[in-house]
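No lab work stands behind these numbers, since they all come straight from the coordinates. Owing to the predicted nature of the structure, the values given are computational and were not obtained by experimental measurement. Glycine also receives a Cβ, built like all others from the backbone with ideal geometry; neighbour counts cover every protein chain displayed.
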Amino acid sequence: MHARFYHPAEISAGQLIELSDANQHHAAQVLRLKKGDAVTLFNGQGGEFSAHIDLVRKSGTTVLVGAYHDIDRESPLLIELAQAICVNEKMDWIIQKAVELGVTHIQPVSTARSIVHLSGERASKRQQHWQKIVVSACEQCGRNQVPQVSPLMALPYWLSQKKTDKSPHDLRFMLSPVATQSLHDIVKPAANAHITLVTGPEGGFTAEEEAAILHSGFIPIRLGKRILRTESAALAAIAAIQTLWGDF
């Protein structure tokens, strides 16, 4: 697969496009691409464009756009991950790997036992940082649709919103080491089902939070007999969901 670059604007065949500063650095300084080297561009609206490096200079790198290719690498499942925020490195890892595994939406939530506390400008900057990780993951794994990271929400507020937008075909799972059901016990969802997975912080959900989550229509699910860390639990669950019902 050729080097891939995200260009969040309209792209058309024959167009000359100046790479962003970050992409220019990656293309010229990291990948050492030269004039004529093949690359791929995508804008998150589906499909991708073949292209090649037209000019490399200190002030920027220009690519010449070629043909459009209607390539879809999305899972047939719509998976939303609601992840309790955790320390930076763990959260970055979860988001990166969740995108590689095919999630379509990421909702960071704050909980009673969250170690990290963000608000205001810090929360906004962190959201922007997470979105950049999503883009980088899409560039790496070949996805042409870019999942969105929503603004951080407190768990109770997010649950109140979920109560009002549930479809009969939706499936909602809460990961719990004491749950009695596993994913094998769940009937295969309908083709248009929206799957939501909520995962707790390092210390887990409080009893009150678990009760509120269950009251919002979530099914408690266990992943084997072992207790997984927060940075492992969601990723293991997504991989299992894709294996059972998706494209793995």
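Computed values, structure above
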quantity: Extension gain (nm, one decimal) between residue 72 and residue 184, 0.36 nm per residue minus Cα-Cα; calculated: 37.5 nm
quantity: Efficiency of FRET between residue 219 and residue 113 - r from beta-carbon atoms, R0 25 angstrom, step 0.05; calculated: 0.70
quantity: In Hz, Karplus ³J(HN,Hα) per residue of the stretch 66-71 (6.51, -1.76, 1.60; θ = phi - 60°; x = Gly, Pro); calculated: x, 7, 8, 10, 7, 9
quantity: Stretch gain in nm, segment residue 212-residue 59, where the contour uses 0.36 nm per residue and the Cα spacing is subtracted; calculated: 49.7 nm
quantity: Degrees between helix 230-245 axis and first principal axis of the chain (Cα, 0 to 90, nearest 10); calculated: 80
quantity: Residue 171 long-range amide H proximity, modeled H, under 5 Å; calculated: 194, 195, 196
quantity: Theoretical gain in end-to-end length, residue 13 to residue 244 [0.36 nm per residue, Cα-Cα removed]; calculated: 79.3 nm
quantity: Distance between modelled label sites at residue 92 and residue 129, nm, 7 Å Cα→Cβ extension; calculated: 0.8
quantity: Ellipticity estimate at 222 nm from DSSP helix runs (n ≥ 4, -39,500 (n - 2.57)) divided over the chain, nearest 500; calculated: -9500 deg cm²/dmol
quantity: Paramagnetic reach from residue 167 in the stretch 219-236 [backbone N under 19 Å; point 7 Å along Cα→Cβ]; calculated: 219
quantity: Amide H within-cut-off set for residue 154, under 5 Å, with H built and near neighbours excluded; calculated: 110
quantity: With Cα atoms, 0 to 90° folded angle of helix 120-141 axis to the chain main axis; calculated: 70
